[in-house]
Amino acid sequence: MPNYRIIVDLSQRMLYLLDNDVVTRGFPVGIGKMLTVSPVGEYTIINKQPNPGGPFGAFWMGLSKPHYGIHGTNDPSSIGHMVSHGCIRMYNADVLALAATVPIGTRVTIRE
């Protein structure tokens, strides 16, 4: 049985999917800007919502820190930059692939 977890590396602007502590995929991400930095710490995915609308792109995965999540974007040019209000922003195709893989309850580590 897979044992997934996610590590978001803010300095690399990358999200890594791990299975039993082995990196299986890496995705480029957009992160929080200077005044609204992405929150460093240990969280879990607590909900999932396809097509949340607005700037959240094709999918939303809410984190155990209220108002923060991993989501798609309607502005793909923002990926790789410090642009969000603290959320982790992914290409829509990437967030759909990730959401299809990881269950609710998956651990998410955000590190500098």
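The values are calculated or read from the model by the stated rules, or taken from the named source; none is laboratory data. Because the structure is predicted, anything quoted here is derived from the model rather than measured. With ideal geometry, Cβ positions are generated from the backbone for all residues, glycine too; neighbour counts draw on all protein chains shown. For the accessible areas, the whole protein counts, side chains as well, though only heavy atoms, and no ligand, DNA or RNA atoms are used. Shrake-Rupley method; radii C 1.70, N 1.55, O 1.52, S 1.80 Å.
Odds and ends about this structure:
- Options Met14, Met1: the member that is open to solvent by 50 Å² or more (accessible area, probe 1.4 Å) and not aromatic (Phe, Trp, Tyr): Met1
- With respect to the stated conditions, Val29 is among the β-branched types (Val, Ile, Thr), within 17 Å of Ala93 (Cα to Cα), touching a strand residue (DSSP E or B) at 6+ places or on another chain (Cβ under 6 Å) and modelled with pLDDT of 95 or more.
- A search for C-beta distances below 8 Å between a residue of segment 57-76 that is farther than 19 Å from Ala100 by Cβ and any residue that is assigned to a loop (DSSP other than H, G, I, E, B) and polar (S, T, N, Q), counting only pairs 6+ apart in sequence or on different chains, returns Tyr68/Ser38.
- Of all residues in segment 84-107, those satisfying the criterion of being in a loop (DSSP other than H, G, I, E, B) and either within 19 Å of Thr36 (Cβ to Cβ) or open to solvent by 40 Å² or more (accessible area, probe 1.4 Å) (or both) are His85, Gly86, Cys87, Tyr91, Pro103, Ile104, Gly105.
- Only residues that are exposed (fewer than 15 other Cβ atoms within 10 Å of the Cβ) and of a type outside the set (Ser, Thr, Tyr) were counted across segment 29-38, and they come to 3.
- Taking segment 1-83 as the region of interest, the strands (runs of 3 or more DSSP E) fully inside it that hold 3 or more residues being within 17 Å of Arg111 (Cα to Cα) are 4-9, 14-19, 22-32, 41-50.
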